[in-house]
Amino acid sequence: MSGLDTARLERIRTHFDRYVDDGRLPGYLVQIARDGELAYEAAGGRRDVEAGLPVERDTLWRIYSMTKPITSVAAMLLWEEGAFELKDPIARWLPEFAEPRVFTGGAMAKVVTAPAAEPIRMWHLLTHTSGLTYGFHHHGAVDELYRAAGFEWGSPPGLDLAGCCAAWAELPLLFQPGTEWNYGHSTDVLGRVIEVISGQPLDEFLAARVLGPLGMAETGFHAPEADHGRLAALYVPDPESGRASRSPASEAAQRPPAYLSGGGGLVSTAGDYARFTRMLASGGELDGVRLLGPRTLRLMTANQLPGHADLEAFGRPLFAETTFDGVGFGLGFSVVEDPIAARYTSSRGEFGWGGAASTAFWVDREERMEVQFFTQLLPSSTHPIRSQLHQLVHQAIVD
């Protein structure tokens, strides 16, 4: 009835079970919805290998950058209310960004900068064209400055979101705003703008305006103590064997963070995130609750890069192993522009994103489908999970 071949779908389980069997993944959960109904689900392995706890439907996952689409939706709720325009400079709410400087050369010991030719605008935050970066990239002097300031995979102890934004404003931009795409703290800064506009901490705003209305009761910035047993442990590949090895960061999501990261701080379940993707696929509405207008979502899921460029041409690489041929970027989502250039099966206009621990989701309106994948392996470039999952999902579509 769903137009998916049952036997072909089982190839997904067989494929990812091999990842578990040889130790490359601790465990996984994949869900495919079609026409608004769960059409396929497969799970394997352990949410906590050392404790022998299996992956279950209610397992809690650190979704890292799959937080970004939620924060972007939250910002666009305010946009629909007229709180800002996409072209507005962010210094209107965050004066620390009033006079950004841009890296032009030199090394960390003596960085050369110049004034920004134009301000960082709201559009730049939503499209990752602000010039902000991440310290974990290890691509050059600006990333090194972020690491020296305490920003690699975390933030300096005790610093809240406002404090982080003040620190980032002191660091040079990687490029002139709007001239390139680079993955960085743009959505974190967007979260701070939401706080200033709304007068609420980011966690309270998300709970009141996005998570609560969608019934995402198990999504938040940490796992409550009563739910620690459901929280999946975090793993990294052993440099010698390639097997998943437990990370000391496994305990991080067990307590409220000082810094509310709208770019990567949420913990969620497959069931909760499926409600978010269903809302997106349904044009901004779920179970009679409308978050966004359909035209707003159409804007968000259209490629916003100049000349409909893809990330391979306009962007700086996330990781050396990652390519984005045929994939552009909207307001908070990647957008497939050219499925042939992408070199894996997908539909034009498909949108989605992933997280640092190898999680991923996408919404394919042409195929009437939402797909999500959960595991806990850092970094996401370790294995080609997302392209393989696309391949396996599309080969099972037979209508």
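Put simply, of 60, 38, 9 the only residue that is among the hydrophobic types (A, V, I, L, M, F, W, C), open to solvent by 70 Å² or more (accessible area, probe 1.4 Å) and in contact (Cβ under 8 Å) with a residue 40 or more places away in the chain is 38.
Taking segment 258-281 as the range and being out of contact with any strand residue (DSSP E or B) (no Cβ under 9 Å at 6 or more places or on another chain), of a type in the set (Ser, Thr, Tyr) and open to solvent by less than 20 Å² (accessible area, probe 1.4 Å) as the test, only 261 passes.
Counting only strands (runs of 3 or more DSSP E) that sit completely within segment 1-107, those holding 2 or more residues that are over 24 Å from residue 242 (Cα atoms) and at pLDDT below 95 correspond to 101-107.
Please verify whether residue 161 is touching a Ser or Thr at 6+ places or on another chain (Cβ under 8 Å) and either on the phi < 0 side of the Ramachandran plot or surrounded by 23 or more Cβ atoms within 10 Å (Cβ to Cβ) (or both), treating the condition exactly as stated. Yes, satisfied.
For segment 175-229, which residues satisfy the criterion of being among the hydrophobic types (A, V, I, L, M, F, W, C), under 18 Å from the mean Cα position of the chain (by Cα) and not in a helix (DSSP H, G or I)? 181, 216, 221, listed by residue number. Checked against the criteria, residue 245 counts as over 22 Å from the mean Cα position of the chain (by Cα) and closer than 18 Å to residue 20 by Cα. In segment 302-316 there is no residue matching the filter, namely being assigned to a strand (DSSP E or B) and open to solvent by less than 10 Å² (accessible area, probe 1.4 Å).
The residues listed here are 30, 49; of these, the one that is under 21 Å from the mean Cα position of the chain (by Cα) and either surrounded by fewer than 16 Cβ atoms within 10 Å (Cβ to Cβ) or touching a residue at least 12 places away in the same chain (Cβ under 8 Å) (or both) is 30. Just checking, how many residues over segment 196-235 are open to solvent by 40 Å² or more (accessible area, probe 1.4 Å) and β-branched (Val, Ile, Thr)? Residues flagged as open to solvent by 40 Å² or more (accessible area, probe 1.4 Å) and β-branched (Val, Ile, Thr) within segment 196-235 amount to 2. Scanning segment 101-118 for residues that are free of Cβ contacts under 8 Å to residues at least 60 places away in the same chain and either in contact with a strand residue (DSSP E or B) (Cβ under 7 Å, 6 or more places away or on another chain) or surrounded by 12 or more Cβ atoms within 10 Å (Cβ to Cβ) (or both) turns up 104, 105, 106, 108, 112, 113, 114, 115. Looking at residue 130, is it surrounded by fewer than 24 Cβ atoms within 10 Å (Cβ to Cβ), assigned to a loop (DSSP other than H, G, I, E, B), within 20 Å of the chain's Cα centre (by Cα) and not basic (Lys, Arg)? Taking the combined requirement at face value, the residue does not satisfy it.
The values are calculated or read from the model by the stated rules, or taken from the named source; none is laboratory data. What you are looking at is a predicted structure, and each value in this text was computed from that prediction instead of being measured. Cβ atoms come from the backbone with ideal geometry, glycine included; neighbour counts cover every protein chain shown. These area figures cover heavy atoms from the full protein model, side chains too; ligands, DNA and RNA do not enter into them. Shrake-Rupley method; radii C 1.70, N 1.55, O 1.52, S 1.80 Å.
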